[in-house]
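A.B. asks: One structure follows; several queries about it will come next.
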Amino acid sequence: MATLVERWSLRLRMFLFFALIGLGAIVAIAVALVLARERIGAAAGPPLVLFGGAAAFAIVGLCLWVWMKFDEHVARPIERLAGDLRAIAHGGASGEVDEKASVYLGFLAPAARDIARALRQARSDVDQTVREATREVEQQKGRLEVVLRDLQEAVLICTLDHKILLYNRRALEILHISGDIGLGRSLFDVVTPQPFRHALDRLRVRFTEGRHVDHEEGLSTLVVCKTADGAHTLRGRVSLLLDAEGLLPDGYVATFSDATRELAEHAQRDRLLQEATGEMRRPAASLLAAAEMLEDNALDQEGRAAFERILVDEAQALSARLQRLEEQSRDLLAGAWPMSDVYSPTLFHCVLGKRRSDAADVEIVGDPVWMHGDSLTIVELVDHLIDRLKVRGQAANFTLQAVPGSQRAYLELAWKGDVIASAELDDWLANPLDDDLGDITGRDVLDRHRAELWCEALGEDGARLRMPLPFGKEVPGGRARPHQPLPERPEFYDFDLLGRMDPSAIDDTPLKALTYVVFDTETTGLEPSAGDEMISIAGIRVVNGRVLRGEVFDHLINPGRGIPPASTEVHGISEAMVRTAPPLSEVLPRFRRFVGEAVMVAHNAAFDMKFLTLKQERFGLHFDNPVLDTVLLAAHVHGVSESLTLDSLAVRYGVRLADEDRHTALGDSIATAEVFLRLIDLLEAAGIRTLRDAVLASGQIVAIRRKQAKY
Amino acid sequence: MTKKVLIVEDEENIGIALRYLMKGQGYDVRVARDGEEALGMVADQPPDLMLLDVMMPKRDGYDVCQTVRANPDWRAIKIIMLSAKGRDIEVEKGLALGADDYMAKPFSTRDLAAKVMSMLGDDSAESS
């Protein structure tokens, strides 16, 4: 009973309270009048009823009036105040206490106002602190992301079962050639496992025995491995990562670089050295023996001629061998000092930047050229040469340019004036360049680059210094290896994957936590069983509820048949575009590897899956992954009577897609992925939480559609 | 008239071999041991051809070559540079500074003799 009363509102309880007073007063008057009538006699009845009725009416009226005043000035203001306070407590910091309405509540309203203000201030302080802390964390995170992304060394962070949690751009560049790198994928899809397993075993033992504390390498060690295709050798380090308490290892970080070229050069250098020492012993021994025979022994004419012949033959063989050695070692010798490709305008602007006040005396001319060298010392050398020329009073104005030759590029410094004598130039080159660089001389710089420098006449009254340098690998208008087109802030890491579920429980895994490959195909027509073929296939990975725009598959396919103009109109792929594309026999196995164990998702999946399953047998592949269809899932959410085209769903969910991307396999895959992510939220609200739920829901829709099709 | 060949070489053994080789071909041969001595000899009596080693004490072969080429009176002197540095860049530098040809050591004396002969012309050599 008490709880029922407590549930009533304050105003109702007040009303009942006054009603009770009024009712009590009426009952008391009635009892008093009955008793009075018995004492006075029945004749007093009518006047008693009249006066009693008037008194009761007055009392009820008074009670009603007092209640109304009480309700207006106390009960309602208390309820409003309570409402205000509740709003302030739960609804954010903007609410205010209405003091005017609470004027009869004494100090309660001002006290409530003070509490509300204090609360608002405290909240504002907390919000400010949180905002600042968040901004700081975001800034640091952003900086770290940029550093990681642009690091020239590849970085990977993996779980102990080798699932990738983070990779940077360099890792993508080195490893994407070998296979498909991606968040949540196994590292061993792209590199050979044994070296990593061995390194981790060693580190675990070191950690368990506590030796890492004093070990000079701590919890890290060297690792050399090959990419999965065996084409590249990687060299780097593996470091064990410990959990937050530092008690157990829960992952590892691998940093590495592509050492293929370097190791091949080492091997070639070793081989050359062996040849140089080993193979020259034989002709040297013959030469020595023949020379001593000629000198010591009294040989007859025939013997002398024979040994002279030996001398000539062996000397010629030795000369030829030396020549070959020099040719073979030419490229290796220049690589001893670390160098990189440098763009000539960058190099020249560094020279100007260094000269500052008299930079105007130097003019940059000619077209840009990519060169290979150590830009710091080249800039110092050019600066040093300009200084020397100025001191000599040779010239006041210079032009700098890079000129491409047939074998190498030439760095040229020209002026109006005399040619500098070779001997004088040698003197200049013998001097140290800059105190900050130690005692490096110009000659050291030339030797380091295996370069030379000379001065020659230029026209009637001019001269120029020329320094040949190797061409860079970068060429204007194209790169040796194209960079992956990546979004501004690609999703390179996801540490939530650390706590991912057991893959065997895939059916019961929440939809958001699964890995998907959302894909689309473009075809020559709509009838695969009547000979239509795929001409493009694309896919994008969705991991942990995020569309990973850096992890895409996008290939044209040569269908080995014509493309009807009507279908070219839809997807824009012409016969000319696929003429040089690889055939399905190459693309489909690669797509199978890209899909891996992921759940496959497509818009109208039955169509795309039909093409895949028709071809899979021929190439020994099996696309037996779970499949979800965004058409069926959307039908479950919106009903089968709604328009469920990709375009209309994209519009409904606010997914934007550039016009040029629409009806390309990759563009449609991305749009489908975005639509799919929003569908997951809507499905969750409808109680569809796991893959099992989603597959069941899709099945129901298929059944409904089949029934509809009967009518 | 006998053509004059100036050999500029600081390595004694090669100097001897070259001297015999050129004499054998019928040229008037002189030998200088370094760059300065060579320029002195050129000034004294300009040769028709110089066999010029690159790596030498005092003034090196590049310097001598450039100096000879800077003097208009000596433009006609043919210069063959000889060097233990046989890379393209050194060859290019030698030719840029005015050499007519460049031979990397070790070289065949027969090839050198043929080269000298073709530069000076067949009819110029006379038996001594």
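For every residue, the table says whether it meets (1) aromatic (Phe, Trp, Tyr); (2) surrounded by 12 or more Cβ atoms within 10 Å (Cβ to Cβ); (3) in contact (Cβ under 8 Å) with a residue 12 or more places away in the chain.
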| position | (1), (2), (3) |
| --- | --- |
| A:LEU621 | no, yes, yes |
| A:THR630 | no, yes, yes |
| A:ALA634 | no, yes, yes |
| A:VAL637 | no, yes, yes |
| A:GLY654 | no, no, no |
| A:LEU657 | no, yes, yes |
| A:ASP661 | no, yes, no |
| A:ALA665 | no, yes, yes |
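A.B. asks: Give all pairs with beta carbons closer than 9 Å in which a residue from region A:74-86 that is touching a residue at least 12 places away in the same chain (Cβ under 8 Å) meets a residue that is surrounded by fewer than 16 Cβ atoms within 10 Å (Cβ to Cβ) and small (Gly, Ala, Ser); count only pairs at least 6 apart in sequence or on separate chains.
C.D. replies: Partner pairs satisfying both residue conditions: A:ALA75/A:SER9; A:GLU79/A:SER9.
A.B. asks: Can you find a residue in region B:6-14 that is within 14 Å of chain A (Cβ to nearest Cβ) and at pLDDT below 95?
C.D. replies: yes
A.B. asks: Of the numbered conditions (1) exposed (fewer than 15 other Cβ atoms within 10 Å of the Cβ); (2) in contact (Cβ under 8 Å) with a residue 12 or more places away in the chain, A:GLY61 fails exactly one; give the number of that condition.
C.D. replies: Just one mismatch for A:GLY61, condition (2).
A.B. asks: List the number of the failed condition for A:ALA336; all other conditions in (1) modelled with pLDDT under 80; (2) assigned to a helix (DSSP H, G or I); (3) closer than 30 Å to B:PHE107 by Cβ; (4) of a type in the set (Gly, Ala, Ser) hold.
C.D. replies: All conditions pass for A:ALA336, except number (2).
To keep it simple, each residue is scored yes or no on (1) away from chain B (no Cβ under 14 Å); (2) touching a Pro at 6+ places or on another chain (Cβ under 7 Å).
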{"position": "A:ARG356", "(1), (2)": "yes, no"}
{"position": "A:ALA359", "(1), (2)": "yes, no"}
{"position": "A:PRO368", "(1), (2)": "yes, yes"}
{"position": "A:LEU376", "(1), (2)": "yes, no"}
{"position": "A:VAL379", "(1), (2)": "yes, no"}
{"position": "A:ASN397", "(1), (2)": "yes, no"}
{"position": "A:GLU412", "(1), (2)": "no, no"}
{"position": "A:GLU424", "(1), (2)": "no, no"}
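A.B. asks: To continue, here is another question. Between A:ARG309, A:ARG282, A:ARG261, A:ARG271, which is within 30 Å of A:LEU165 (Cα to Cα), away from every other protein chain (no Cβ under 14 Å) and either free of Cβ contacts under 8 Å to residues at least 24 places away in the same chain or in contact with a Phe, Trp or Tyr (Cβ under 9 Å, 6 or more places away or on another chain) (or both)?
C.D. replies: Among A:ARG309, A:ARG282, A:ARG261, A:ARG271, only A:ARG261 is within 30 Å of A:LEU165 (Cα to Cα), away from every other protein chain (no Cβ under 14 Å) and either free of Cβ contacts under 8 Å to residues at least 24 places away in the same chain or in contact with a Phe, Trp or Tyr (Cβ under 9 Å, 6 or more places away or on another chain) (or both).
A.B. asks: Checking B:LYS58 against (1) surrounded by fewer than 19 Cβ atoms within 10 Å (Cβ to Cβ); (2) more than 8 Å from chain A (Cβ to nearest Cβ); (3) without any contact (Cβ under 8 Å) to a residue 24 or more places away in the chain, which single condition isn't satisfied?
C.D. replies: Answer for B:LYS58: the failing condition is (3).
A.B. asks: Next question, about the same structure. Name the residues in region A:541-555 that are among the basic types (Lys, Arg) and within 9 Å of A:TYR516 (Cα to Cα), would you?
C.D. replies: Residue satisfying the conditions is A:ARG541 alone.
Each row is one residue, and each column tells you yes or no for (1) among the aliphatic types (A, V, I, L, M); (2) more than 19 Å from A:LEU628 (Cα to Cα); (3) buried (at least 20 other Cβ atoms within 10 Å of the Cβ).
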{"residue": "A:ALA513", "(1), (2), (3)": "yes, no, no"}
{"residue": "A:TYR516", "(1), (2), (3)": "no, no, yes"}
{"residue": "A:PRO528", "(1), (2), (3)": "no, yes, yes"}
{"residue": "A:SER536", "(1), (2), (3)": "no, yes, yes"}
{"residue": "A:ILE540", "(1), (2), (3)": "yes, no, yes"}
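A.B. asks: Regarding A:THR233, is this residue loosely packed, with under 11 Cβ neighbours inside 10 Å, β-branched (Val, Ile, Thr) and either more than 17 Å from A:ILE157 (Cβ to Cβ) or touching a Cys at 6+ places or on another chain (Cβ under 7 Å) (or both)?
C.D. replies: Judged against the criteria, A:THR233 is not a match.
A.B. asks: Moving on. Looking only at region A:177-188, decide whether some residue is of a type in the set (A, V, I, L, M), part of a loop (DSSP other than H, G, I, E, B), buried (at least 21 other Cβ atoms within 10 Å of the Cβ) and in contact with a strand residue (DSSP E or B) (Cβ under 9 Å, 6 or more places away or on another chain).
C.D. replies: Among the residues of region A:177-188, at least one is of a type in the set (A, V, I, L, M), part of a loop (DSSP other than H, G, I, E, B), buried (at least 21 other Cβ atoms within 10 Å of the Cβ) and in contact with a strand residue (DSSP E or B) (Cβ under 9 Å, 6 or more places away or on another chain), which makes the answer yes.
A.B. asks: With the structure loaded, tell me whether B:ALA99 is within 13 Å of chain A (Cβ to nearest Cβ) and either more than 16 Å from B:GLU9 (Cβ to Cβ) or at pLDDT 90 or above (or both) or whether it fails that test.
C.D. replies: Considered against the rule, which asks whether it is within 13 Å of chain A (Cβ to nearest Cβ) and either more than 16 Å from B:GLU9 (Cβ to Cβ) or at pLDDT 90 or above (or both), B:ALA99 comes out as yes.
A.B. asks: A further question follows. Scan region B:22-55 for residues that are farther than 23 Å from B:MET117 by Cα and away from chain A (no Cβ under 13 Å) and jot them down.
C.D. replies: B:ARG33, B:GLU37, B:GLY40, B:ALA43, B:ASP44
A.B. asks: Have a look at B:THR67, B:THR109 and point out the one that is crowded, with 19+ Cβ neighbours inside 10 Å and within 12 Å of another protein chain (Cβ to nearest Cβ).
C.D. replies: B:THR67
A.B. asks: Six or more apart or on different chains, Cβ atoms under 6 Å: show the pairs whose first residue is in region A:450-465 and closer than 24 Å to B:ARG87 by Cβ and within 11 Å of chain B (Cβ to nearest Cβ) and whose second is surrounded by fewer than 21 Cβ atoms within 10 Å (Cβ to Cβ) and acidic (Asp, Glu).
C.D. replies: From residues that are closer than 24 Å to B:ARG87 by Cβ and within 11 Å of chain B (Cβ to nearest Cβ), the pairs are A:ARG464/A:GLU412.
A.B. asks: Here are A:VAL542, A:VAL578: which of them is β-branched (Val, Ile, Thr), in contact (Cβ under 8 Å) with a residue 12 or more places away in the chain and closer than 22 Å to A:VAL695 by Cβ?
C.D. replies: Just one listed residue meets the conditions, A:VAL542.
A.B. asks: For residues that are modelled with pLDDT of 50 or more and in contact with a His (Cβ under 8 Å, 6 or more places away or on another chain), tally how many sit in region A:468-489.
C.D. replies: Residues that pass the stated criteria total 5.
A.B. asks: Another one. What is the residue count in region A:1-38 for residues that are surrounded by 13 or more Cβ atoms within 10 Å (Cβ to Cβ) and at pLDDT below 85?
C.D. replies: Final tally of qualifying residues: 1.
A.B. asks: In region A:216-238, which residues are at pLDDT 90 or above, among the polar types (S, T, N, Q) and in contact with a helix residue (DSSP H, G or I) (Cβ under 7 Å, 6 or more places away or on another chain)?
C.D. replies: A:THR221
A.B. asks: Check every one of the helices (runs of 4 or more DSSP H) wholly within region A:533-601 and list those with 1 or more residues that are under 20 Å from A:LEU172 (Cα atoms).
C.D. replies: The helices (runs of 4 or more DSSP H) meeting that bar are A:584-595.
A.B. asks: Now for a different question. Among the residues in region B:79-94, are any buried (at least 17 other Cβ atoms within 10 Å of the Cβ), away from chain A (no Cβ under 14 Å) and within 22 Å of B:THR2 (Cα to Cα)?
C.D. replies: There is at least one residue in region B:79-94 that is buried (at least 17 other Cβ atoms within 10 Å of the Cβ), away from chain A (no Cβ under 14 Å) and within 22 Å of B:THR2 (Cα to Cα).
The values are calculated or read from the model by the stated rules, or taken from the named source; none is laboratory data. Everything numeric in this text was worked out from a predicted model, so none of it was measured. Methodologically, a virtual Cβ is constructed for each residue, glycine included, from the backbone with ideal geometry; neighbour enumeration extends over all protein chains shown.
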